[in-house]
Amino acid sequence: MGPEKLKEVIKEALKDAEVVIAYKEGFDKLHSTPCFVTTPEEADAVIFDPRCVQNLASYLPSLKKKAAVVVKGCDSRTIVQYMQEALIDRGKVTVIGIPCTGIVSIKKVMAKTGHQPILDVTFPDKNTVVVKTPKGEQKMAMADVAADKCGSCLYPTPVVYDQLVGEPIESDKTYETAYKDVAELAAKSLEEKKAYWEKEFDRCIRCYACRNACPMCVCQDSCIAESRDPHWISQKSNPTEKFMFHMIHALHLAGRCVECGECERACPMGIPVNMLKRKINQDMKELYDYEPGVKPEDKPPMFTFSVEEKKIEEHKL
Amino acid sequence: MSEIAPKELRIVGFLCNWCSYGGADTAGVSRFRQPTDLRVIRVPCSGRVDPLFIVKSLLNGADGVLVSGCHPRDCHYTDGNFYARRRLEMLKRLLPFLGIDEKRFHYTWISASEGARWQKTVTDFTTQVHKLGPLHSTTEAQIGS
Ligand code: SF4
Ligand code: SF4
Ligand code: SF4
């Protein structure tokens, strides 16, 4: 996919939209930053490559303008979920979809360079990343530095778009392989699972970056994690309160998490915060044959019910 | 109630005002013997039971949680228990993933006339939780507020 084509499409979209949300280079060559393009000149700075990690669809619900947005496959599910939940007016949004071959995890790349200053980053082909630091040039395999979510990506081609920039890509994964990690953890003993979560959440500093980055956390300043009345959780940084916060996030995302991975990307402590939601998603698939953010006409399972639930059985004591 | 250990555990029961609370009342009026571990919280409808109520109870000291509402199709508000069923089933499946035995949580439907059914449910559930033992045995001090 050539960035030239993307720039053209953005310039075209500007004729109708007040703003186009896209990516441009960030403070160094490894980072990209979201940019709000309003003039054709600004479109010339737009980039798209494996550095473009952010989920730009997140801006849409609070944006009151006619907008166009650049999305990867995973990010496009956010738009479909917004449509299902009536959080955006689809008529006011132009979706510029890009079939995606994967993005890098900035943390993984930095670790591989030994946290050297970055002088340049190039992507000679879709399997290679070349990073230049004061210590020289380093070639990395994309597979080694890709974001975790790309390893389980089922939708590399956007599920919704008005313009597709590039050729559609088929995922080489199945639902089973994509959810292998969830199934593996689920198969462990209760004690092991308890120990796993205690160890992971022990590092949580309750900064709430995971929540703030989440496109489906739309309550903004009314989050119950911060409400004093009722007081769901105190300010204490003890295991109970940390766990409770994560349960709030998970249960409020029940059957809504589009698995964009923004929560994990934003977490400074490397906590697998997406795991709980993916477990719920797996149950939603099993119980209601529902996957968040895939079909606009679907209804999130927690927003509805069937009188006769086919898969829910009465529990016996 | 010989099968129940003498020491009480903490079990929280969220009962819908229209059916299960009435069912528990019927059991009481009929003088059916029941274990005394359960503390009842009366809610307008099982649909009012946020799954977070259950999580918060379990994290903050409860050893078991029981939710009971009207039978499907008998909801005073038509469909509260249908929504509840989906949410509670979701939580029931999530608990073991967190390392909490799903047997500590039970949800069911009991009508106001089913005093005997209430007696059986509360007895069986209490027995089940007693078999698992206290959830917070060593961590009383860590529970915090
Ligand atoms: S998850 Fe899929 S669509 Fe998203 S960045 Fe990775 S490969 Fe691209
Ligand atoms: S919980 Fe994480 S993966 Fe799910 S929608 Fe929110 S940010 Fe994306
Ligand atoms: S971003 Fe990470 S450290 Fe911060 S609250 Fe979320 S899980 Fe905890």
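The values are calculated or read from the model by the stated rules, or taken from the named source; none is laboratory data. This one's a predicted model, so the numbers in the text were calculated from it and none came from an experiment. Ideal geometry is used to build each Cβ from the backbone, glycine not excepted, and the neighbour counts take in all protein chains shown. Side chains are part of the model used for accessible areas, which takes the heavy atoms of the whole protein and leaves out ligands, DNA and RNA. Shrake-Rupley method; radii C 1.70, N 1.55, O 1.52, S 1.80 Å.
Residues whose amide H falls under 5 Å from that of B:Ile41, counting only those 5 or more places apart or on a different chain, are B:Gly13, B:Phe14, B:Leu15, with hydrogens built in the peptide plane. Taking label positions 7 Å along the Cα-Cβ direction at both B:Phe32 and A:Asn127, the computed distance is 6.8 nm, reported to one decimal. Stokes-Einstein D for the range A:4-105 at 20 °C, 1.002 mPa s, Kirkwood Rh over Cα pairs, in µm²/s? Answer, rounded: 157 µm²/s. Highest GNM mean-square fluctuation among A:Val95, A:Val129, A:Val71, for chain A modelled with Cα contacts below 10 Å: A:Val129. Inter-label distance, A:Leu119 to B:Arg73: 7.6 nm, where each label sits 7 Å from its Cα along the C-beta direction.
Taking 37 °C and 0.692 mPa s as conditions, the protein assembly as shown diffuses translationally at an estimated 135 µm²/s according to Stokes-Einstein applied to its Kirkwood radius (Cα pairs). Peptide A:310-317 has a mean shielding of 5, counted as Cβ atoms of other protein chains within 10 Å of each residue's Cβ. The Cα atoms of the range A:191-230 cover 35, 25, 16 Å along the three principal axes, with the biggest extent listed first. In order along the range B:97-105, the Karplus-derived 3J(HN,Hα) couplings, from 6.51 cos²θ - 1.76 cosθ + 1.60 at θ = phi - 60°, round to 5, 8, x, 9, 4, 5, 5, 7, 10 Hz, and Gly and Pro are given as x. Here the protein assembly as shown carries DSSP beta bridges of which approximately 40% are antiparallel, counting only pairs with both residues inside.
Ratio to report: Rg/Rh of the range A:153-253, with Cα atoms as the point set and Rh obtained by the Kirkwood method; give two decimals.
Expressed as Rg/Rh, it is 1.08.
Sparse packing (at most 10 other Cβ atoms within 10 Å of the Cβ) combined with a DSSP loop state is found for none of the GluC sites (Glu not before Pro) in the range A:18-108. Rounded to the nearest 500, the helix-only mean residue ellipticity at 222 nm of chain B stands at -12500 deg cm²/dmol, with each DSSP H run of n ≥ 4 adding -39,500 (n - 2.57). Just A:Asp221, A:Asp289, A:Asp89 to compare: in a GNM of chain A, with alpha carbon springs under 10 Å, which one fluctuates most? Among A:Asp221, A:Asp289, A:Asp89, the largest mean-square fluctuation in the Gaussian network model of chain A belongs to A:Asp221. Pairwise Cα separations in chain B fall into 5 Å bins from 0 onward with the following percentages, short to long: 2, 11, 20, 22, 21, 15, 7, 3, 0. Please report how many Lys pairs in the range A:104-190 have alpha carbons closer than 18 angstrom, counting only residues at least 8 apart along the chain or sitting on separate chains. Lysine pairs meeting both conditions in the range A:104-190 amount to 17. The Rg/Rh ratio for the range A:47-163 is 1.06, where Rg is the radius of gyration of the alpha carbons and Rh is the Kirkwood radius. Summing both sides, the accessible surface hidden between B and A at a 1.4 Å probe radius is close to 3800 Å². Counting only other chain Cβ atoms within 10 Å of each residue's Cβ, the peptide B:84-92 averages 6. Per-residue 3J(HN,Hα) values for the range B:87-96, derived from phi via the Karplus relation 6.51 cos²θ - 1.76 cosθ + 1.60 with θ = phi - 60°, read 5, 5, 5, 4, 5, 4, 7, 7, 3, x Hz in sequence order (x marks Gly and Pro).
Other chains' Cβ within 10 Å of A:247-254 residues: what's the mean? Can you show the working numbers first?
Numbers: counts 10, 3, 0, 6, 9, 3, 0, 6.
Average per residue, whole number: 5.
For GluC sites (Glu not before Pro), the sites in the range A:103-188 that DSSP calls loop and that have at most 13 other Cβ atoms within 10 Å are A:Glu170.
Just in the range A:210-317: which chymotrypsin sites (Phe, Trp or Tyr not before Pro) are loop by DSSP and have at most 15 other Cβ atoms within 10 Å? Within the range A:210-317, no chymotrypsin sites (Phe, Trp or Tyr not before Pro) qualify (loop, at most 15 other Cβ atoms within 10 Å).
In this label model, B:Ile41 and A:Asp181 are separated by 3.3 nm, measuring between points 7 Å along each Cα→Cβ vector.
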